[in-house]
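See structure below.
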Amino acid sequence: MSERARFVVVANRLPVDRITADDGSVDWRTSPGGLVTALEPVMRRMGGAWVGWHGASNETVEPFEHDGYSVIPVPLSGDEYEEYYEGFSNATLWPLYHDTVAFPEFHREWWDAYVTVNRRFAEATADVADDGATVWVQDYQLQLVPKLLREMRPDLRIGFFLHIPFPPTELFQQLPWRSDILEGLLGADLVGFQVPGGAQNFLRLVRQRTRHRVERDRVHVSGSHVCTARAYPISIDTHGFEELAQSPEVIAESESLLEELGHPKQIFLGVDRLDYTKGLRQRIRAMGELFEEGKLDPADTVFLQVATPSRERVEEYKRLRDDIDLLVGRINSEVGGVGRPAISYLHAGFPRATMAAMYRIADVMVVTPLRDGMNLVAKEYVACRPDTNGALVLSEFAGAAQELKQAYLVNPYDLNGMKDVLMQAATDSPRERQRRMRALKKQVRGSTIEHWADNFLGDLQG
Ligand code: ADP
Ligand code: G6P
């Protein structure tokens, strides 16, 4: 790559995944997850370079241009895929940072791979960043990059944003490598979290575990620089989603979807990566009981649940997939409507336009994670629902609940409570639903991904 970039995003995932078919043909597909949904419009606006992994192991891919910015692929070997990505990132950090809703595993060789791969990302970034450039490192897979990068390139302005929760100090302290991770993050000039509680947890740990002086939200990193820690709740390209949902193609697609579902009177919708943090077991049980008890009638009500395959070789994810298949099968055999199942379960990813079509027709959107950094699905629904008749049921344990206070809030661990709120959302007067939805729309319009990026990058420069 001849030209160096003034602005560089560094994330484990590139915006597109390289897929090689059995016949050797190559295709590129939008990568899964909220990080890519959020950052893609930022990169289109800012230009520069995106450093990340292209989603396939044992393959080297040359840099290329995409949507007006440079894409710099970082390779992972098969072993690194297992130890850095599936292992330390997704079987140690992911469950630990999500309140141990699954049991985190600690393995020294996973940590070694994490260090190696973080160094590779830092080196690739040091190569591509122009003198004095701004670098924005993303998420839990790359927490060592800020420090490594500062050692290589002290001229850079370095930001870091954590898309997932930052755990309470008692949980974080379990990590045998806790000090390395804190020092890794402190290499940044600015560390951003989804909610104020995350920044507070981080600052408390820095006070307890390091010798650096902490003054409110500023850490004076000994002999070096000041690192500030604050909350920057992430959002979506609200206008982009609104426009998409009102396009003739999406309206047509939502009509054919309604047709396929048999024009039910009421549609409940769930949209998630198939992840144990999303509370799918509890949600499906609650919906199943409402059908079984006759509170919902499968003759006129459908629960559409879409789940994108995710991290499919990690044990906990395999178990979850089997559990959900069984649960849905059991409920559908017990409460089947005529010619149509009560739960329509789709284990697949869909184009964004199809997601917008689903959001358009959902009367009740059900977002019930056990723990979630933000949850963009909740915001996408609010942006895409064309009128104010829809209802959003939202877990208290999603970061989004701190902003979307007018949603129907639930504790997903409390099945009876959740069932009551689901029924309330479905049966409240149009006036009450509209009041809530109007407030939600105002919130999602007033705080977009552009505001998020401008706030963070403004503070990073300041
Ligand atoms: P996470 O980042 O943990 O996956 P978020 O709710 O923040 O959770 O973001 C999920 C993103 O993935 C959203 O942009 C959503 O539209 C998208 N998504 C989720 N499920 C699907 C699916 N089945 N097909 C396509 N996109 C999906
Ligand atoms: C969440 C994480 C992202 C991750 C995404 C998809 O949004 O915060 O960092 O990219 O899930 O997960 P995957 O493991 O497929 O990258």
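The values are calculated or read from the model by the stated rules, or taken from the named source; none is laboratory data. Model, not experiment: these values are computed from the prediction. Here the Cβ is made from the backbone with ideal geometry for all residues, glycine too, and neighbour counts use every protein chain on show. Ligands, DNA and RNA are excluded from the accessible area calculation, which covers all protein heavy atoms including side chains. Shrake-Rupley method; radii C 1.70, N 1.55, O 1.52, S 1.80 Å.
Tell me, in nm to one decimal, what length is gained between residue 256 and residue 322 on full extension, where the rule is 0.36 nm per residue of separation less the Cα-Cα distance? Kindly include the intermediate steps, with their values, before the conclusion.
On the way: separation 66, 0.36 × 66 = 23.76 nm, distance 2.99 nm.
Gain on extension, residue 256 to residue 322, equals 20.8 nm.
So what is log10(I(q)/I(0)) for region 238-446 at q = 0.10, 0.14, 0.16 1/Å, when the Debye sum runs over its Cα atoms only?
Values returned for q = 0.10, 0.14, 0.16 Å⁻¹ are -0.38, -0.79, -1.07.
Modelled label-to-label distance, residue 434 and residue 126, 7 Å Cα→beta-carbon offset: nm?
About 6.1 nm separates the two model spin labels.
Hey, can you rank 361-369, 328-336 by average C-beta count inside 10 Å, highest first? Mind showing how you got there, number by number?
Values: 361-369: 25.7, 328-336: 15.9.
Packing proxy ranking, top to bottom: 361-369, 328-336.
How much of the DSSP bridge set in region 171-256 is antiparallel, in percent, rounded to the nearest 5?
Antiparallel: roughly 60 percent of the beta bridges in region 171-256.
Place a point 7 Å from the Cα of residue 315 along the Cα-to-Cβ direction; which residues of region 265-285 have their backbone N under 16 Å from it?
Within reach of a label on residue 315, which here means backbone N under 16 Å from a point 7 Å along Cα→Cβ, region 265-285 contributes 276.
Once amide H atoms are built 1.01 Å from N in the peptide plane, which residues 5 or more positions from residue 59, or in another chain, come under 5 Å H to H?
Here the answer is 76, since their amide H atoms fall under 5 Å of that of residue 59.
Counting Lys and Arg as +1 and Asp and Glu as -1, what is the net charge of the other residues whose Cβ lies under 9 Å from the Cβ of residue 73?
My count for the surroundings of residue 73 gives -1.
Using a cut-off of 29 Å between alpha-carbon atoms, which lysines can reach residue 278, once sequence neighbours fewer than 8 places away in the same chain are excluded?
265, 295, 318, 379, 405, 419, 441, 442
With everything on Cα atoms, drop me the angle between helix 196-209 and the longest principal axis of the chain, reported from 0 to 90° to the nearest 10.
With rounding to tens, the tilt is 40 degrees.
DSSP loop trypsin sites (Lys or Arg not before Pro) in region 1-65 with at most 13 other Cβ atoms within 10 Å of their Cβ, which ones? Present the calculation step by step, with values, prior to reporting the outcome.
Details: sites: 4, 6, 13, 18, 29, 44, 45; in loops: 4.
For trypsin sites (Lys or Arg not before Pro) across region 1-65 that sit outside H, G, I, E and B with at most 13 neighbouring Cβ atoms in 10 Å, the list is empty.
How many nm separate the modelled label positions at residue 23 and residue 179, each set 7 Å beyond the Cα in the direction of the Cβ?
For the pair residue 23/residue 179, the computed spacing is 5.7 nm.
So what are the ³J(HN,Hα) numbers for region 38-52, from phi and the Karplus equation (6.51, -1.76, 1.60; θ = phi - 60°), rounded to whole Hz, Gly and Pro as x?
Result, rounded to whole Hz: 6, 7, 4, x, 5, 5, 4, 7, 7, x, x, 9, 10, 9, x.
How much accessible area per residue does the chain have, counting only protein heavy atoms and a probe of 1.4 Å, in square angstrom? Numbers along the way, then the final one.
Numbers: 18680 Å² over 462 residues.
Averaged over the residues of the chain, the accessible area is 40 Å².
Quick one: grab the alpha carbon gyration tensor of region 289-387, order the square roots of its eigenvalues as a ≥ b ≥ c, and give me rounded if a/c is under 1.5, else prolate or oblate depending on whether a/b is larger than b/c. Intermediate results must be reported in sequence, preceding the final value.
Working: a/c = 1.78, a/b = 1.08, b/c = 1.64.
It is oblate, given that a/c is not under 1.5 and a/b is not larger than b/c.
So, in Å, what gap is there between the alpha-carbon centers of region 210-233 and region 1-77?
Answer, in whole Å: 31.
Residue-wise, which Karplus ³J(HN,Hα) couplings in Hz belong to region 105-118, taking 6.51 cos²θ - 1.76 cosθ + 1.60, θ = phi - 60°, and x for glycine or proline?
With coefficients 6.51, -1.76 and 1.60, one gets 9, 10, 9, 5, 6, 5, 4, 4, 5, 4, 5, 4, 6, 4 Hz.
How much of the accessible area of the chain, in percent, comes from carbon and sulfur atoms when a 1.4 Å probe is used?
Working: 8590 of 18680 Å².
Heavy-atom surface of the chain belonging to carbon and sulfur, 1.4 Å probe: 46 percent.
Suppose R0 equals 60 Å. What FRET efficiency, 1/(1 + (r/R0)^6) with r the Cβ-Cβ distance, do residue 58 and residue 424 give to the nearest 0.05? Don't jump to the answer; show the numbers that get you there.
Values: r = 52 Å, r/R0 = 0.86.
Calculated value: 0.70.
Report the relative contact order of region 238-446, percent, no decimals, based on alpha-carbon pairs under 8 angstrom and at least 6 residues apart. The partial results should precede the final answer.
On the way: 366 pairs, mean separation 51.2, N = 209.
Relative contact order here is 25 percent.
Can you tell me what percent of all Cα-Cα pairs in the chain are more than 35 Å apart? Spell out each step's value before the answer.
Working: 32964 of 106491 pairs.
So the pairs more than 35 Å apart make up 31 percent of the total in the chain.
Hey, what do the phi angles of region 73-78 turn into as Karplus ³J(HN,Hα) couplings, whole Hz, using 6.51/-1.76/1.60 and θ = phi - 60°, x for Gly and Pro?
x, 10, x, 10, 6, x
Loop-only check: which trypsin sites (Lys or Arg not before Pro) in region 348-425 are DSSP coil with at most 14 other Cβ within 10 angstrom?
Numbers: sites: 352, 360, 371, 379, 405, 419; in loops: 371, 405.
Those that pass, being in a loop and sparsely packed, are 405.
Could you give the angle, 0 to 90 degrees to the nearest 10, between helix 248-260's Cα long axis and the longest principal axis of the Cα atoms of the chain?
Compared with the principal axis, the helix lies near 50 degrees.
Need the C-alpha centroid separation for region 135-177 versus region 281-322, integer Å.
Using only Cα atoms, the two centres lie 35 Å from each other.
Run through the DSSP bridge list for the chain and note the antiparallel percent, rounded to the nearest 5.
Values: 14 of 61 bridges.
Within the chain, antiparallel bridges account for around 25 percent of the total.
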